[in-house]
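Following: one structure in structure tokens, then a few remarks.
Taken together, the values in this text are just the output of simple stated rules run on the coordinates, not laboratory data. The model shown is predicted, which means the values in this text are computed figures rather than measured ones. Note: ideal-geometry Cβ built from the backbone for every residue, glycine included; neighbour counts use all protein chains shown.
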Amino acid sequence: MSFSFPATSPPASPPKSRIGFELESVVPPGSAVRAITSLLRVLLRVTITDGRVFLGTFAGTDQPMNILLLNTEEYQMSFPSSGSTLSESELELLASEKEARSDGRYVGQILIPWRMVVKVEAHNA
């Protein structure tokens, strides 16, 4: 399962939670909470804006929807320069190969700010 949210500016009068606003158009009311609850204790791979990838167990969120991970490892991804003409699939392949080769750094418990999240993937056991 993969969730990817484009970086957009918030609406003029933001709702109480950004995720609630974005998911209302995609998911029926009430099922967003069930979807997030179903991810508890699931291994998540969270990619953030600076290219780092965090692999850890989902423990929950706070009011502004920051993501709390436990037993987390951090992987630093390095991509070609922005002037490169690689396709998106080639970049994904490069990223997966880089992650397979690189050593992660154990960071333990981490709270990832929602505004930095590029992609969240749930890994099924």
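Annotations
- The residues neighbouring Y106, those whose beta-carbon lies less than 12 Å from its own, together hold a net charge of -2 under the Lys/Arg +1, Asp/Glu -1 convention.
- Net charge of neighbours whose Cβ lies under 11 Å from the Cβ of T49, counting Lys and Arg as +1 and Asp and Glu as -1: +2
- Straightening the chain between T49 and Q109 buys 19.7 nm, computed as 0.36 nm per residue apart minus the Cα-Cα spacing.
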